[in-house]
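The numbers here are math on the coordinates, done by the rules we state, and not lab data. Remember, predicted model here, so these are calculated numbers, not experimental data. As a convention, Cβ positions derive from the backbone with ideal geometry for all residues, glycine included, and neighbour counts pool all protein chains shown.
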Amino acid sequence: MSRGAIIRFEDVLTIKNGKNQSKVENPKGKYPIYGSGGIMGYADDFICPENTVIVGRKGNINKPIFVSEKFWNVDTAFGLVANTQKLLPKYLYYFCENYDFEKLNTTVTIPSLTKSNLLKIHISMPNLETQKKIADVLDKAKNLIDLRKKQIEKMDLLIKSKFIEMFGDPVTNPKGWPTKELKDITSKIGSGATPRGGKESYIKYGICLIRSMNVHNGKFKYEELAHIDESQAKQLENVTVFENDVLINITGASVARSCVVPKTTLPARVNQHVSIIRCNPKVISYQYMNKLLINESYQKKLLSIGGAGGATREAITKRQLELLEIPLPPLDLQNQFACFVELVEKQKKLFEQALDKMEINYKSLMQEYFG
């Protein structure tokens with residue numbers, strides 16, 4: 001498929017500068033106010049017409065948004081309005097999604113774009129018919145990805161609702177389950193350290209070192225998973241991760257995020273930002289423990305603990321973890337819930353594998369069309 005002529009942005013689109021939100025904001029306004037992160041409010045007037053592409057001016061500059069309705073854009077977002085006689089808006093959107101705007105960054109600290117730099121971008125311009133074919137193919141691929149993501153989200157919601165149905169709110173404990181402190185129902189609570197030498201000492205293959213960026217609520221992310229050698233691992237032997245361990249972030253912006261360690265990461269250690277919670281299986285199910293920690297109500301409790309004392313950085317201490325009050329339903333009920341979770345997670349994994357393939361296909365299509 002021909003990519004066509006290479007044209008500058010300034011020849012095929014106009015850029016609408018955003019304006020201050022506070023002067024026009026009206027909760028009952030007809031038009032949405034958009035920033036680079038999405039809708040931020042409503043206004044009585046608009047700046048950008050339908051089918052405009054938003055690109056962030058500061059910070060979030062690599063995540064364009066396609067808006068099909070008239071809207072007001074804030075001063076941290078540019079509105080890219082295509083000349084539809086030459087350029088289809090959806091084709092422009094997919095070009096922007098593939099384009100690396102950070103290479104135009106004008107600052108060292110917060111990523112920033114200028115209008116003049118944007119106008120100098122070159123875009124490949126096949127004829128309108130070809131642009132439409134490309135946009136249609138990418139629309140279908142993206143819609144399939146979005147549908148799969150929604151299915152995965154529904155599975156997460158299903159588990160959360162099942163937890164509440166079986167056990168109630170774990171903070172208010174309306175079903176009156178007996179409670180115990182976390183230290184009394186676990187065989188280990190503890191975090192590790194960063195090996196001497198920090199990031200520079202990590203190796204490509206070896207024993208996994210789990211860090212806070214790997215631990216998300218109900219999900220383990222493998223991106224940026226670090227590895228250490230045998231001698232470094234020996235120094236962290238006291239925080240060896242076992243199968244079915246529950247992990248929880250205890251410092252920083254990701255404090256309170258929790259998941260069950262996947263078998264595929266073992267053998268592993270944790271650094272100082274992640275704590276191991278090893279459940280006593282005779283008293284509490286690790287699946288129940290993790291879903292309790294990521295329950296919305298309990299998350300608020302943990303975040304409140306993490307932000308207590310006016311500290312400049314969020315943190316939950318080992319002692320605070322040890323003293324957490326945990327409702328304890330009968331173990332057979334916990335195990336019934338664990339079986340339900342395993343069934344749903346099994347199906348969810350199949351969906352996630354399909355999603356991975358869809359995203360790989362989507363990226364290859366973007367590469368084919370835009371290079």
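Round to the nearest 0.05 the FRET efficiency obtained for E25 and D100 when R0 = 25 Å and r is the Cβ-Cβ distance.
The formula returns an efficiency of 0.15 here.
Provide the per-residue ³J(HN,Hα) series for region 4-21, in order, calculated from phi with Karplus coefficients 6.51, -1.76, 1.60 and θ = phi - 60°, each as a whole number of Hz, with x at glycine and proline positions.
Values per residue, Gly and Pro as x: x, 5, 9, 10, 6, 3, 4, 8, 10, 7, 10, 10, 9, 6, x, 10, 4, 6 Hz.
For the chain, which span is the longest to avoid every loop-located (per DSSP) member of trypsin sites (Lys or Arg not before Pro) having at most 16 other Cβ atoms inside 10 Å?
Segment 222-281 is the longest.
For a quick check of your reading of the filter: which GluC sites (Glu not before Pro) in region 15-75 sit in a DSSP loop and have no more than 16 other Cβ atoms within 10 Å?
Sparse-neighbourhood loop GluC sites (Glu not before Pro): E50, E69.
How big is the dipole moment of region 103-262 about its Cα centre under a simple scheme where the beta carbon of each Lys and Arg is +1, that of each Asp and Glu is -1, and everything else is neutral? Debye, nearest 20, please.
580 debye
Roughly how many whole Å is it from the C-alpha centroid of region 44-110 to that of region 116-170?
If you average the Cα positions of each part, the centres end up 17 Å apart.
Hey, what number do you get for the chain at 222 nm if only DSSP H runs of n ≥ 4 count, each worth -39500 (n - 2.57), divided across all residues, to the nearest 500?
After summing the helix terms and dividing by the residues of the chain, the value is -11000 deg cm²/dmol.
Distance in nm between label sites at L333 and N17, each 7 Å beyond Cα in the beta-carbon direction?
According to this spin-label approximation, the distance is 6.3 nm.
Just to verify a number: FRET efficiency for H227 and S187, C-beta to C-beta distance, R0 = 45 Å, to 0.05?
The calculated FRET efficiency here is 0.95.
For region 178-327, I need the span (max minus min coordinate) of the C-alpha atoms along each principal axis, in Å, sorted largest to smallest.
Here the Cα extents, ordered largest to smallest, are 45, 39, 24 Å.
Provide the per-residue ³J(HN,Hα) series for region 205-222, in order, calculated from phi with Karplus coefficients 6.51, -1.76, 1.60 and θ = phi - 60°, each as a whole number of Hz, with x at glycine and proline positions.
10, x, 7, 5, 10, 7, 10, 4, 5, 8, 9, 10, 5, x, 8, 9, 9, 7
Given a cut-off of under 8 Å on Cα pairs at least six residues apart, what relative contact order in percent is computed for the chain?
About 15 percent, as a whole number.
Tell me which residues come under 5 Å, amide H to amide H, from K180 once H is placed; ignore anything under 5 positions away on its chain.
Under 5 Å from the amide H of K180 lie the amide H atoms of I326, L328, each far enough along the sequence or on another chain.
Filter the GluC sites (Glu not before Pro) in region 158-233 to those in DSSP coil with at most 15 other Cβ atoms within 10 Å of their Cβ, and list the result.
E223, E224
Once the piece of chain linking A354 and K234 is laid out straight, how much longer is it, given 0.36 nm per residue of separation minus the C-alpha distance between them?
Full-extension gain reported as 39.4 nm.
Note the full-extension length gain between K133 and Q367 as 0.36 nm times their separation in residues minus their Cα-Cα distance, in nm to one decimal.
82.7 nm
Taking only the C-alpha atoms, wrap a convex hull around the chain and report its volume per residue in Å³ as a whole number.
For the chain, the hull spanned by Cα atoms encloses 181 Å³ per residue.
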